Structures are given as C-alpha cells and as structure tokens.
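Q: Can you read through this structure? Questions will come right after.
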Amino acid sequence: MDTKDMRGQTAADLARHVLELRREQFNLRMQRSAGEFKQTHQLRRVRREIARAKTVLGEKK
C-alpha cells in the first residue's frame, strides 16, 4: 500500500493494517526458520510497510 493511500485511511483502518502486516511478518519468519523461504525480499518489504503505517498512524494522533 502506498503512503498516499495510508493517509486517506482512518486510524482504526491503519491499526488493523499494521496487525495484518505483523501476522504476515511472523509467518515469513516461521517459513525462514523452517527452511522453506525463497523470497527474502518479502521480509524487507513487510518491515518497511509496517514502519510507514506506524508513521502515518503517529501523524494522525
């Protein structure tokens, strides 16, 4: 999701999005530890998207 799209959402929607991203991050970490993880760029993408969402959430508060 783009930063512009995030700014158009409500704080509750952003919090829900962060929660979904945390779950995705957890699943990716579990895949990596199990040895079945091929797309290493996904971890970086998720981590950065969490940071973007939390930044926009902080701006709204």
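Just so you know, all these numbers are worked out from the coordinates, no wet-lab data involved. It should be emphasised that the depicted structure is a prediction, and the values quoted were computed from it without experimental measurement. Positions of Cβ are backbone-derived with ideal geometry, glycine not excepted, and every protein chain shown enters the neighbour counts.
Q: From the list Arg52, Arg48, Arg23, Arg44, exactly one residue is of a type outside the set (A, V, I, L, M, F, W, C), part of a helix (DSSP H, G or I) and either surrounded by 12 or more Cβ atoms within 10 Å (Cβ to Cβ) or in contact (Cβ under 8 Å) with a residue 40 or more places away in the chain (or both). Which is it?
A: Within the list Arg52, Arg48, Arg23, Arg44, the selection yields Arg52.
Q: Considering only the stretch 12-26, I want to know if a residue exists there that is of a type in the set (Phe, Trp, Tyr) and touching a helix residue (DSSP H, G or I) at 6+ places or on another chain (Cβ under 6 Å).
A: no
Q: Please find, within the stretch 24-55, the residue that is nearest to Met6 (Cα to Cα) out of those that are touching a Leu at 6+ places or on another chain (Cβ under 6 Å) and of a type in the set (A, V, I, L, M, F, W, C).
A: Ala53
Q: I would also like to ask the following. Give the number of residues within the stretch 11-40 that are closer than 11 Å to Ala53 by Cα, more than 11 Å from the chain's Cα centre (by Cα) and not hydrophobic (A, V, I, L, M, F, W, C).
A: 1
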